[in-house]
Amino acid sequence: MTTFENTPQALAAARTRMEKAVDDFRKELATIRTGRANASLLDNVRVDYHGMPMPVNQLGTMTVPDPTMIVIAPWDPSAVASIDKAIRTADLGLNPTNDGKVVRVPIPSLTEERRKDLVKQLHKVLENHRTAVRNIRRDLKEAIEKLEKEKKISEDEKKRALDELEKLSHSETKKIEDLSAAKEKEVMQIK
């Protein structure tokens with residue numbers, strides 16, 4: 001646990017860590033598939049390129065010519081087969097095709113069952129990030145109480161800091177829940 005000299009320092013650390021949790025949640029949401037093509041769907045796909053695992057987006061240009069297709073044009077044509085294989089084995093339910101020059105990844109429309117599975121996955125991710133925010137709040141609450149115990153702050157200052165910490169954690173949790181609700185609506189929407 002980090003030691004702080006005063007409450008503004010502790011609250012600033014809490015804000016930074018909670019905002020990082022929200023950003024992380026935002027990034028993780030981008031990798032959850034909706035019925036629409038989005039290049040960030042492939043962010044977690046690693047391609048074995050000359051013995052090194054490389055992210056797909058570092059091996060070529062990724063474009064989304066229409067809502068149902070992602071096209072990857074590798075800078076090195078010898079990587080086409082590896083990219084194709086990596087996307088197939090990434091367990092995203094995608095079936096790419098290639099012509100030796102580019103990899104085309106058609107995005108199939110989602111079945112009702114698949115949509116429900118994605119929402120369950122979304123809820124797991126949401127709960128993990130809610131827990132992260134709660135853990136940050138708990139850690140900083142302990143740090144603030146320790147400041148009072150060590151007589152670095154008054155009891156009134158401790159109470160103000162804990163109220164501020166509570167407001168902060170509620171606001172960051174609400175951001176995560178709002179992002180989740182918007183994503184859930186997008187997943188369940190039939191195009």
Would you check which residues across segment 69-86 are in contact with a Pro (Cβ under 7 Å, 6 or more places away or on another chain) and within 11 Å of Ala39 (Cα to Cα) and list them? Met69, Val71
Just the residues that are touching a residue at least 60 places away in the same chain (Cβ under 8 Å), out of contact with any Pro (no Cβ under 6 Å at 6 or more places or on another chain) and part of a loop (DSSP other than H, G, I, E, B), please, taken from segment 17-59. Ile32, Arg33, Thr34, Gly35
Enumeration of residues in segment 174-191 that are modelled with pLDDT of 90 or more, of a type in the set (Val, Ile, Thr) and more than 16 Å from Lys27 (Cβ to Cβ): none
Out of segment 154-174, which residues are touching a residue at least 24 places away in the same chain (Cβ under 8 Å) and aliphatic (A, V, I, L, M)? Ala161, Leu165, Leu168
Test Val119 against the stated conditions and say whether it is outside the structural domain of Met62 (by TED's automatic domain parsing) and at pLDDT below 90. yes
Can you confirm whether segment 94-108 contains a residue that is in a loop (DSSP other than H, G, I, E, B), polar (S, T, N, Q), modelled with pLDDT of 85 or more and not assigned by TED's automatic domain parsing to the domain that holds Glu164? yes
Looking only at segment 115-163, filter to residues that are under 30 Å from Met188 (Cα atoms) and hydrophobic (A, V, I, L, M, F, W, C); which one of those is surrounded by the fewest Cβ atoms within 10 Å (Cβ to Cβ)? Val119
Within the set of pairs 6+ apart or on separate chains, which have a first residue in segment 100-111 that is surrounded by 17 or more Cβ atoms within 10 Å (Cβ to Cβ), a second that is among the charged types (D, E, K, R), and C-beta atoms under 6 Å apart? Val103/Asp84
Selected residue (criterion: modelled with the highest pLDDT) from residues of segment 33-90 that are within 17 Å of the chain's Cα centre (by Cα) and β-branched (Val, Ile, Thr): Val45
Only one of Ala79, Ala86, Ala37 that is surrounded by fewer than 21 Cβ atoms within 10 Å (Cβ to Cβ) and either of a type in the set (Phe, Trp, Tyr) or more than 30 Å from Glu142 (Cβ to Cβ) (or both): Ala37
Out of curiosity, is Asp91 closer than 28 Å to Val22 by Cα and part of a helix (DSSP H, G or I)? no
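The values are calculated or read from the model by the stated rules, or taken from the named source; none is laboratory data. Bear in mind the structure is a predicted one, so any value in this text is a computation, not a measurement. Don't worry about glycine lacking a Cβ; one is built from the backbone with ideal geometry, like all the others, and counts go over all protein chains shown.
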